[in-house]
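Chemist: Please read through the structure below; I'll follow up with questions.
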Amino acid sequence: MTLSTMLSTMAAGMLRTCGIFALTLIGSLPLGMVIALLRKSKFAPVRFLVSIYIAVIRGTPLMLQLLVWYFGPFYLFEWSIRGWRFPALILGFILNYAAYFAEIYRGGIESMPVGQYEAAEVLGYTRTQTFMRIILPQVVKRIMPSVTNEVITLVKDTSLAFTLAYQEVFSLAKQISASQTSFMPFVIAGVFYFIANYAVAFAMARIEKALDYYR
Amino acid sequence: MIVEMKNIRKHFEGLEVLKDISFGVDSGEVVSIIGPSGSGKSTLLRCATFLETIDGGEIIYMGKRAAHTDESGRAVYVHHRELRQFRAYCGLVFQQFNLFPHYNVLQNLIDAPIEVQHRNRDEAEQTAMELLKKMGIADKAKAYPYQLSGGQQQRVAIARALAMKPEILFFDEPTSALDPELTGEVLKVIRQLAEEKMTMVVVTHEMSFAKAVSNRVIFMADGLIVEHGDPREVFENPHEDRTRQFLRVFDR
Ligand SMILES: Nc1ncnc2c1ncn2[C@@H]1O[C@H](COP(=O)(O)OP(=O)(O)OP(=O)(O)O)[C@@H](O)[C@H]1O
Ligand SMILES: [Mg+2]
């Protein structure tokens, strides 16, 4: 196998890795906010369920969670899992990352000084207006460093998709390396992850800079 | 009467903070509230501006009742939609300014008028610029709060409250968080508002200011109004021992 065929085979894997990455963020960034708000719900049972969910997600390996989402329907309900691999994978990633983002959001929301809420209340803002116009924009700025950390971890975590034998760049590297008895695929994968992380860090730095106009 | 507070009671976890407080403020009046730390001055303002709910008593704005005590002795408020009406009557200036840091000065002044009162943007901006001019900080319209001195921030906070066109403005120790050399510029704009007959209630430790500007002074201690009257009377010829004792500390 020449280097160029190796590269082009792996390029498909890189695309799939980017797919996992993008879909996970698209799903988990907003879902995390929903979970963070539910965690502050007026109804104690809701708060309880959400805190259990977060504890379980954070207390077990993502790899295990992926296996549960993939094989669970079969073992529990004897459902056919054909075609379920990719949905299970994305579901597992989104639910996992949403829990972590929820905790980051909660920390950010709780770090807001009470004076901001009171100033808004006296000015007559509704609760929704207060959250959307006054609190959320400031929370976004406060949590950017933690979100960046999480996003960079996600780039590397996508490799866990190999657990479900999904052919993203890491699974492919392993396969090609075994069949070609070559170390090269791992080097290519490594360079890919490094560049991807570099791009992510760059993008996040740009966002943080864009939010630098106030303190 | 702009506002009447009648027999206001309020407690926090077993601590009686306000025990039967009554006073009213007429249109154009300036009332100062003085008193030792922990006497309940802030709590009183927070009840008047609906940041805290009272346990008992009556709050009346513009002759309309916002809260009263029912037969069972509990305070009941009007429906929250109606309460927003009452909120619009009053503004509050905080000790810590509480400006919105992600908005520039102009945005701080026009956001609530546009979003809450649904006023026209051009009109809101024009009102805001006039207020900033009056506060002497028109050149700071595009600055962010962190770029301003404490005195400038507090003047923006006053302008933000006035931009809502309240009937009455409450101040909770507006100069206590400021360096001494900056208190003057804030007191000056409050004095100017008093001359324009803005109705105001000012909690303050600035005794000479209270004496010079207010029409009436309320001295509070331990959740009660101990003395209430003409500033000259209260400051120079107090009837109560408690008042004398408090003022002596400031004379030194
Ligand atoms: N949210 C609260 N929960 C419990 N206790 C409170 C709360 N707010 C105020 N208190 C207590 O109520 C009392 C009166 O407080 P308040 O802030 O009204 O006093 P103050 O006259 O404004 O004092 P200062 O001059 O120090 O500002 C204090 O003993 C305070 O500890
Ligand atoms: Mg106070």
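Chemist: Between A:ALA11 and B:GLU82, what FRET efficiency comes out of the Förster formula 1/(1 + (r/R0)^6) with R0 = 45 Å and r the beta carbon distance, rounded to 0.05?
Modeler: Rounded to the nearest 0.05, the efficiency is 0.10.
Chemist: Next question. On a straight-distance basis, which lysines could pair with A:LYS209 in a cross-link, Cα separation under 16 angstrom, same-chain partners fewer than 8 positions away excluded?
Modeler: Candidates past the 8-residue exclusion: A:LYS141.
Chemist: Provide a whole-number value for the mean count of partner chain Cβ atoms within 10 Å of the Cβ atoms in peptide A:161-172.
Modeler: 0
Chemist: Could you sort the residues of the stretch B:93-112 by number and keep only those whose accessible area is reduced by 20 Å² or more in the all-protein-chain setting relative to the chain alone, 1.4 Å probe?
Modeler: Hits at the 20 Å² cut-off: B:PHE94, B:ASN98, B:PHE100, B:PRO101, B:HIS102, B:TYR103, B:ASP111, B:ALA112.
Chemist: Can you sort A:VAL68, B:VAL78 by solvent-accessible area, 1.4 Å probe, largest first?
Modeler: Output order, biggest surface exposure first: A:VAL68, B:VAL78.
Chemist: Further question on the same structure: So which lysines can A:LYS174 reach, going by Cα to Cα under 22 Å and dropping same-chain residues fewer than 8 places off?
Modeler: Here the lysines satisfying the reach criterion relative to A:LYS174 are A:LYS156.
Chemist: So, one more: Just check the stretch A:1-120 against the gyration tensor rule for me: Cα atoms, a ≥ b ≥ c as the square roots of the eigenvalues, rounded for a/c under 1.5, and otherwise prolate or oblate depending on whether a/b exceeds b/c.
Modeler: oblate
Chemist: Looking only at the stretch B:101-252, where both bridge partners belong to it, what percent of the DSSP beta bridges are antiparallel (to the nearest 5)?
Modeler: Once the DSSP bridges in the stretch B:101-252 are tallied, antiparallel ones form about 50 percent.
Chemist: Something else now. Semi-axes of the stretch A:144-192's equivalent ellipsoid from the Cα gyration tensor, sqrt of 5 times each eigenvalue, largest first, rounded to whole Å?
Modeler: Value: 26, 12, 5 Å, ordered largest first.
Chemist: Sticking with this structure for a sec: When the Cα atoms of the protein assembly as shown are enclosed in a convex hull and the volume is divided per residue, what value in Å³ results?
Modeler: Here the figure is 207 Å³ per residue.
Chemist: Compute for chains A and B the buried accessible surface, both sides summed, probe 1.4 Å, and express it in Å² to the nearest 100.
Modeler: 2100
Chemist: Please report the carbon-and-sulfur percent of the accessible area for the protein assembly as shown; probe 1.4 Å, protein heavy atoms only, DNA, RNA and ligands left out.
Modeler: Here it works out to 57 percent.
Chemist: Further question on the same structure: Taking a virtual spin label 7 Å from the Cα of B:THR53 along the C-beta vector, which residues in the stretch B:80-108 bring their backbone nitrogen under 18 Å of it?
Modeler: Backbone N within reach: B:80-87.
Chemist: Quick one: net charge of B:ILE114's neighbours, Cβ under 11 Å, K/R +1, D/E -1?
Modeler: It works out to a net charge of -2.
Chemist: Further question: Averaged over B:144-151, how many beta carbons belonging to a partner chain fall within 10 Å of each residue's beta carbon?
Modeler: Partner-chain Cβ atoms within 10 Å, mean over residues of B:144-151: 1.
Chemist: Got a number for the accessible area of A:CYS18? Probe 1.4 Å, square angstrom, nearest 10.
Modeler: Looks like 70 Å² after rounding.
Chemist: OK, next. If you scale each eigenvalue of the Cα gyration tensor by 5 and take the root, what three semi-axes come out for chain A, rounded to whole angstrom and sorted largest first?
Modeler: So the three semi-axes of chain A are 38, 24, 11 Å.
Chemist: Determine the sum of side-chain charges near A:SER159: Lys and Arg each +1, Asp and Glu each -1, restricted to other residues whose C-beta is under 15 angstrom from that of A:SER159.
Modeler: In short, +1.
Chemist: For peptide A:121-132, what's the mean number of Cβ atoms from other chains within 10 Å of each residue's Cβ?
Modeler: 6
Chemist: Quickly estimate the mean residue ellipticity at 222 nm for chain B, helices only: each DSSP H run with n ≥ 4 gives -39500 (n - 2.57), and the total goes over all residues, rounded to 500.
Modeler: -11500 deg cm²/dmol
Chemist: For chain B, modelled as a GNM with alpha-carbon contacts under 10 angstrom, which of B:GLN117, B:GLN96, B:GLN152 fluctuates the most?
Modeler: Among B:GLN117, B:GLN96, B:GLN152, the largest GNM mean-square fluctuation belongs to B:GLN117.
Chemist: Another question, then. Write down the radius of gyration of the stretch B:29-77 and its Dmax, each obtained from C-alpha positions, in Å.
Modeler: Computed over the Cα atoms of the stretch B:29-77, radius of gyration and Dmax are 12.4, 35 Å.
Chemist: Rolling a 1.4 Å sphere over the protein heavy atoms, what is the accessible area per residue of the stretch A:23-98, to the nearest Å²?
Modeler: Spelled out: the 1.4 Å probe surface of the stretch A:23-98, per residue, equals 61 Å².
Chemist: While we're on this one: Given A:LYS40/B:LYS188; B:LYS140/B:LYS165; B:LYS19/B:LYS211; B:LYS142/B:LYS197, which pairs have Cα atoms separated by over 32 Å?
Modeler: Cα-Cα > 32 Å for A:LYS40/B:LYS188; rest within.
The values are calculated or read from the model by the stated rules, or taken from the named source; none is laboratory data. Model, not experiment: these values are computed from the prediction. Glycine also receives a Cβ, built like all others from the backbone with ideal geometry; neighbour counts cover every protein chain displayed. Surface areas here come from the heavy atoms of the whole protein model, side chains and all, with no ligands, DNA or RNA. Shrake-Rupley method; radii C 1.70, N 1.55, O 1.52, S 1.80 Å.
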